[in-house]
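Data block below; observations after.
The values are calculated or read from the model by the stated rules, or taken from the named source; none is laboratory data. Please read these numbers as outputs of a predicted model, since none were measured by experiment. For neighbour counting, all protein chains shown are included, and Cβ atoms are generated from backbone atoms with ideal geometry for every residue, glycine included. These area figures cover heavy atoms from the full protein model, side chains too; ligands, DNA and RNA do not enter into them. Shrake-Rupley method; radii C 1.70, N 1.55, O 1.52, S 1.80 Å.
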Amino acid sequence: MDIPQLANPLILLLISPVVLAGWYAIRKGIPRALIISRIIILSLLIIALASPFTLGTSTVRDEAPRITVVSDQTMSMDLFNKDTGTKIFESIKPKTPTTYRQFLGISSPIGDEVIQDAENNNIVLVSDGNNNHGKDLFDAISFVSKTGTKVFAVKQKPIHNDAGVEIESAKNLIIGNENTFNIVVRQAGNETSYKLDVEIDGKPVKSETFMQTERTKVIPVSATFNSLGTHKITATITPGGEDWFKLNNVFYKAVFVVPKPKVLAVTEDTTSPLYKVASSLYAVTTLNSVPDDLSQYKAVIIDNKGAGQLSADTLRTYVAGGGSMVVVGGDASYDKGNYNNSPVEGLLPIISRAAEYKGGRNLVIVMDASGSTAGEDPTTGLSFIGLIDANALNIVQNIARDSRLAVVAFGGVTAKTDIMPMNSEANKAVLETFIKDIGPKGGDNPTDIDKGLREAEKLLNSVSGTKEIIVLSDGMMPPEGFDQIKKTVADLKNEEIKIHFIQVRLSYETVKEPNRLYNEIAKASDGQAIVLNPDERASTLIETKPGETAVPTPTPTPEISYEYPLAAVDANHFITKYINLTASVTGYNDVTPKLGGDRLVATTKGKPIITTWGFGLGRVASFTTDNGAGNTMWAPQVYSGENSRLIAAMINWAIGDPRPREGVVIQAEDIWGGTPGRVVVTSNTLPQVKLDGKALDLSRTGPTTYEASINLEKDNFHDLSGYGIAVNYPLEYREVGFNEKLNTVIESNGGKVYNEDEVEGLLLLDIKEKAVRTVQEPKSQKEPFLLAALGLFLAEVIIRRLRDYRKERPDIQDNPPRTATEEPAAVATE
C-alpha cells in the first residue's frame, strides 16, 4: 500500500496548539475523555486540511491527439525535399490539433528540439536524424517516451547524393611505429564513385578509384614517421557522379610525432609475444618487481604476477597521479594470484572471482507461428505451437541475468518485443506473457521466416556485444522464397550474428533427422538444424561452453582444450574501433567487471578479456588472459597478425599522451569549422604560446595548467607554437543522408518510422491507435480522515446523550415499568 503524501505539510503544525489547549482544559477540570476526543477529532480535521494524497496510475486516451511536426531545415537537409514537413502538417492539420515547428542553421540540435516539444504530445520528426549539437537525439527520444510522448519519423529518400571524407587516427604518435589512418568516406545515397588521393607532408601516398555501394566505407592507409614534430595528412575525394556539397571533399589531419615513451615491463619472460609487441613499440625497461619510483615511466605492464609480488601503495600513488597500468593475466595472476580482496585489486576495474551469473549476451528468440504449427498429435494432444511456446518459456526462465533477450513471432503478421535485460523479473514476465499469447492464426499463414529474421536483426543492431538468434519452428519450409531466406541467413552470418535453428517434433524418434530445406537454411549459417523430441528443451543452447554440442542429452566426450572466440563488446572504443578481431583463446582468468568498469572485449559467452577504467588521473586496463607463452599459452592468436593491433591499441590507450610530463606540453585536437576548439597547456612557468604567429591569451586553470578557446574559420593547417592543428568543414556536413539507427531507436520506444509514400495514409491512424498513455495522477486521501473525525464525533454525541438521558430518569433502573399482563399484588388484611 502506498504511503500518503501531503500537499500542505506545514498545516500539521496546527496540531501542536490543539494539544496544548487540550492539556490546559484538562488542568482546568474539564472531563479528560471529552478533551482527548476533541483533540483527536481536530487533529484528524487538520490532517485532512493538509490535503493527503497518493499517486495513482490511470490510462488516458486522446480521441484528438495533439501533434507537433518538427521539420529540420538545417544545411544537411538540402539533400532532401525540404517541403515534406509542411506537406505533412497541411494534410493532418484539419483532422487533429497540429503544430508546426522548424529549426534552421549550420548545426542540428535535434535532441534539444524533441525535448522542447515533448509535453503531452506526439512528435512527427522530419529530419535526417544526424544530431551534432546539444542533447543526444537517441537519449532524448528515450527520455520523452517515458513521459508519455511518442516520437514518429519520416524516412525521406535523398533527392541529391553527396559524399564526404574524414581521417580518423590518434593525435600524438610515436616515432618509428607503424600507424593506421582510417579514411572514412560517407555517402547519402546507395552508390557513388570517386578518386581518393592521400598526401602526407605534401607527398602522395595513395591514389585510387573506388566504387562505393555502402553508406560508409573505411579505407586504411598505413604510415611510419621517422622525424619528430608536426606532420600533415590530407585526404581528398573527387566524386565521379553527383556531389551536392563540395566543402566536405577535403579533410586535413595534423599529427604530432614524439619520441618512444618509457614503459616498464614487470615480467620474467622476455621472449613472450607480449614482450615482443611492447618492445617493438616503446622504450621498454624490464624488471622482476615493481621499483619504489615509477615517475619516469608512461606506463607499467605487469605480466602474470601474484598480488603478494606487487607493491600496492607504490602502484596506487603512481596511477592516481596520472600514470598508466596494464595488468596481464596468466596462471599466477588475478583469480590464480590471490588478487581477490587484496589492495592490488582495489586499483583494478575487475573483481578477481567469477561472475555470479554466466552469460552476458544479446539473444533473440524467433518463433514460428505460421499455420502449420497448429498441427497436433491426436494420441498425445501435443501441438507444434505448444512445444515451441514451451521451449521459448524454458529459455526465458533459464537465461543468465546479465543477458538481454527479445522475442519475435512470424507467420503472416510479425510481432516482437523490445530487447530487455534479464536481471528484472518484470521483464521476464512481459516476455512470458507475449510468448503465451502467440498462436497460429490459421492454416493459410505463411512460414515467412525471412521477416522474422530481419526483425531480429533490427533488434540486435540496437545493442552492442555478442549477438545470437534461436529459431524455434516445426521445420516445415515451403520452397517459395527459399533462396531469399538463405541470403538473409548469410547476411546475418556476415554481421557476426550466430543463429541456432531448432525443429520440434511431436513424436519420439531415436534418429533425429531435420527437414531437408530447414537444414539447408541452417547450413547457410555454418550450422545444422537441431531436432528436439517432445520432452527435450532448447535451454541447453544458453548453457553450453564452446566446444560442447548444443544437442540435448549429449554423449560424453573426452577432455579437450576448448577455444573461446573473442568479440568486441564495445566496437566504438579507441581500443576496439576498426580492429577486425578474429582470435580465440584457450583459457582466461575468471573475473567480474566492477561497477564503473568498461568491458570492451569478451569471449562469446561473456567472460571479460579487456576491461578498463580511470583511477584518479591515470588509466588501468585489465587483460585477463596470458602473454601468449609460458606454461599456459592461452592467447598466442591475440598477438599475431591483425589481432596484435588490439594489444598495441590497449597499451596506447593506457598511455594516452605519449609525451613526457616535463617542459611545456601543448594539447589541442583538430577543429570542425564553426566549433570552438580548446587548447590546454601544461607548464611549470607561465608559457608563451602563439597561434599562427600571434600571442594566445591563456587563462590559468590549475597549478600547472593553462587553457584558451580558439575559433578558426579558415579550413587548413594552423600552427600553435610548433604544435600543428587542422580546421575542417563544419560538423553539419560530416554525416550525410538518413540515419538508419533512427529506425531502431524510435520503434523500441513505441513510435514508428514511415516512408514518404505511406506517411499521410498511416500516420494519423497509428497516432490515434497509440494515443493511450499511462499517467500518474494524485488521488485525494482526505475522505478517510474526515469520516474518522465524523464517526468519532457522532459516537461522542450518542454516548453523552445516553448518559444525560439516564441522569434525567433515575427510576428507570430501580423501578422498571410493568407489562400489561402483570396483575397487581394482593393487599393483605387483618
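When DSSP assigns beta bridges and you keep just the ones with both residues in region 117-216, what percent turn out antiparallel, to the nearest 5?
In region 117-216, DSSP labels about 80 percent of beta bridges as antiparallel.
Which shape class applies to region 587-630: rounded if a/c is under 1.5, otherwise prolate when a/b exceeds b/c and oblate if not, where a ≥ b ≥ c are the square roots of the Cα gyration tensor eigenvalues?
Cα axes put region 587-630 in the oblate bin.
List the DSSP H helices in the chain whose Cα atoms stretch 24 Å or more along the helix axis and whose mean Kyte-Doolittle hydropathy is at least 1.6. Walk me through the numbers on the way to the answer.
Values: long enough: 32-49 (25 Å, 2.42); 782-808 (39 Å, 0.14).
Those that pass (Cα extent of 24 Å or more, hydropathy at least 1.6) are 32-49.
Once every DSSP H run of n ≥ 4 in the chain is given -39500 (n - 2.57) and the sum is divided by its residues, what mean residue ellipticity at 222 nm do you get, rounded to the nearest 500 deg cm²/dmol?
It lands at -7500 deg cm²/dmol.
Rounded to the nearest 5, what % of the DSSP beta bridges within region 646-791 are antiparallel ones?
Bridges in region 646-791 that DSSP calls antiparallel: roughly 85 percent.
Using only the Cα atoms of region 61-126, build the gyration tensor, take square roots of its eigenvalues as a ≥ b ≥ c, and label the shape rounded, prolate or oblate: rounded if a/c is under 1.5, else prolate if a/b is larger than b/c, else oblate. Present the calculation step by step, with values, prior to reporting the outcome.
Details: a/c = 3.44, a/b = 1.52, b/c = 2.27.
Oblate.
Expected output is a single nm value to one decimal: the length gained when fully extending between Ala64 and Ala7, i.e. 0.36 nm times separation in residues minus the C-alpha distance. What is it? Write down the numbers at each step before the final one.
Numbers: separation 57, 0.36 × 57 = 20.52 nm, distance 3.19 nm.
Contour length minus Cα-Cα distance gives 17.3 nm.
Using the structure shown, list the pairs from Lys203/Lys253; Lys298/Lys690; Lys523/Lys607; Lys82/Lys146; Lys436/Lys523; Lys428/Lys577 with a Cα-Cα distance above 25 Å, or answer none.
Lys298/Lys690; Lys523/Lys607; Lys82/Lys146; Lys436/Lys523; Lys428/Lys577
In percent, how large is the relative contact order of region 650-782, given Cα pairs closer than 8 Å and 6 or more residues apart? Could the numbers behind the result be given before it?
On the way: 150 pairs, mean separation 25.2, N = 133.
Over region 650-782, the number comes to 19 percent.
Quickly rank 147-155, 211-219 as a protection proxy: mean count of other C-beta atoms within 10 Å, highest first.
Averaged packing, sorted descending, gives the order 147-155, 211-219.
What does a probe at Glu268 reach in region 309-341, counting residues whose amide N is under 18 Å from the point 7 Å along Cα→Cβ?
309-311, 328-339
Projecting each Cα onto the charge dipole of the chain (Lys/Arg +1, Asp/Glu -1 at the beta carbon, about the Cα centre), which of Phe53, Leu595, Ala392 comes out farthest on the positive side?
Farthest towards the positive end: Phe53.
Can you give the net charge of the other residues whose Cβ lies under 14 Å from the Cβ of Leu347, counting K and R as +1 and D and E as -1?
Here the charged neighbours net out to +2.
Over the chain, what relative contact order in percent results from Cα pairs under 8 Å that are six or more residues apart?
16
How charged is the neighbourhood of Ile579? Take every other residue with its Cβ under 13 Å from the Cβ of Ile579, and add Lys/Arg as +1 and Asp/Glu as -1.
Overall, the nearby charge balance is -1.
What does the net charge come to around Val797 if you take all other residues with beta carbon closer than 13 Å to its beta carbon, with K and R at +1 and D and E at -1?
Counting the neighbours of Val797, the net charge comes to +2.
Length gain on complete extension for the stretch Glu432 to Arg353, per 0.36 nm per residue less the alpha carbon to alpha carbon distance?
Residue separation times 0.36 nm, minus the Cα-Cα distance, leaves 25.2 nm.
Between Tyr100 and Thr86, what length in nm is gained on full extension when 0.36 nm per residue of separation is reduced by their alpha carbon distance?
4.3 nm
Apply the Karplus curve 6.51 cos²θ - 1.76 cosθ + 1.60, θ = phi - 60°, to the phi angles in region 335-346 and return the couplings in whole Hz, x for Gly and Pro.
After applying 6.51 cos²θ - 1.76 cosθ + 1.60, I find 5, 9, x, 6, 6, 4, 6, 8, x, 5, 4, x Hz.
Give me the 1.4 Å probe accessible area per residue for the chain, excluding ligands and nucleic acids, in Å².
With all protein chains present, the chain gives 49 Å² per residue.
Going by average Cβ neighbours within 10 Å, how do the peptides 383-393, 572-582, 199-209 rank, with the highest at the top?
Those peptides, ordered most packed to least, come out 383-393, 572-582, 199-209.
By per-residue mean of other Cβ atoms within 10 Å, what is the highest-first order of 273-280, 608-615?
Result, highest mean Cβ count within 10 Å first: 608-615, 273-280.
Whenever you get a sec, compute what percent of the accessible area on the chain sits on carbon and sulfur atoms (1.4 Å probe).
52
Dipole size in debye (nearest 20) for region 171-245 around its Cα centre, Lys and Arg Cβ +1, Asp and Glu Cβ -1?
In total the dipole reaches around 220 debye.
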